[in-house]
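The values are calculated or read from the model by the stated rules, or taken from the named source; none is laboratory data. These numbers come from a predicted model, not from an experiment. When we count neighbours, we look across all protein chains shown, and the Cβ atoms used for this are built from the backbone with ideal geometry, even at glycine.
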Amino acid sequence: MKKKLYRSESDKKICGVCGGIAEYFDIDSTVIRLLWILATLFFGSGIFCYIICALVIPIKREEPLEYEYVRKGENDMEQ
């Protein structure tokens, strides 16, 4: 199975870019956020790169649980 880079829906502060990168590399998202802040302070292009990443990286949609499918089907039948 190939790993894909997605923005995180569950671990996000602004757009989920750092959370998605952390999930991809299987490390803590706080480490990525701190590195991103340091890169912004020392190199100055971090904010621009974050905006580009937020626009380019797709959002990871969580699959609904099986019971959500069942409940959705029940509501459709009642109407």
For this session: Evaluate the following for G20: is it touching a Lys or Arg at 6+ places or on another chain (Cβ under 6 Å), surrounded by 12 or more Cβ atoms within 10 Å (Cβ to Cβ), of a type in the set (G, A, S) and free of Cβ contacts under 8 Å to residues at least 60 places away in the same chain?
Result: yes
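Residues checked against (1) within 19 Å of the chain's Cα centre (by Cα); (2) under 25 Å from K2 (Cα atoms); (3) at pLDDT below 85:
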residue	(1), (2), (3)
G19	yes, yes, no
Y24	yes, yes, no
S29	yes, yes, no
A39	no, no, no
G46	yes, no, yes
C49	yes, yes, no
P64	yes, yes, yes
Y67	no, no, yes
E74	no, no, yes
